[in-house]
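Just below is one structure, and these are the notes that go with it.
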Amino acid sequence: MFFSGHIRKGTFMATSDYMPDALVAARYKVTTRTIDRWDQDPDLEFPEAMRVNGRKYRSVKQLELWERRRAASPGRRLRKSDHAGVQA
């Protein structure tokens with residue numbers, strides 16, 4: 001089953017196992033181009049995407065695991081360049 005969730009007031013409500021990259025970007029408050037850059041950086045260990053009809057989807061479980069690993073490792077914070085074009 002693919003993504004069938006929605007965004008309400010800036011929070012993602014998962015109703016499936018996969019999330020499209022547009023919502024992954026919204027989840028981390030970055031652009032989809034930034035998500036593409038993260039894909040190219042093996043040091044970030046960002047979860048791999050699954051392609052369906054040219055669109056990229058990511059496992060919600062893998063994203064949550066990635067978040068937990070990064071939170072547990074203070075030395076693995078995102079660089080400023082990872083948030084290109086996004087203001088805090």
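The values are calculated or read from the model by the stated rules, or taken from the named source; none is laboratory data. No experiment lies behind these values; they were computed from the predicted model shown. Methodologically, a virtual Cβ is constructed for each residue, glycine included, from the backbone with ideal geometry; neighbour enumeration extends over all protein chains shown.
Here are the numbers for this structure:
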{"quantity": "Sole exception among (1) at pLDDT below 95; (2) crowded, with 16+ Cβ neighbours inside 10 Å for T31, by number", "calculated": "(1)"}
{"quantity": "Residue selected from segment 10-27 under the condition at pLDDT 90 or above and more than 13 Å from V60 (Cβ to Cβ), by the criterion surrounded by the fewest Cβ atoms within 10 Å (Cβ to Cβ)", "calculated": "A22"}
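Residues checked against (1) surrounded by 15 or more Cβ atoms within 10 Å (Cβ to Cβ); (2) at pLDDT below 90:
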{"residue": "L44", "(1), (2)": "yes, no"}
{"residue": "E48", "(1), (2)": "no, no"}
{"residue": "K56", "(1), (2)": "yes, no"}
{"residue": "L63", "(1), (2)": "yes, no"}
{"residue": "A72", "(1), (2)": "no, yes"}
{"residue": "R76", "(1), (2)": "no, yes"}
{"residue": "R79", "(1), (2)": "no, yes"}
{"residue": "D82", "(1), (2)": "yes, yes"}
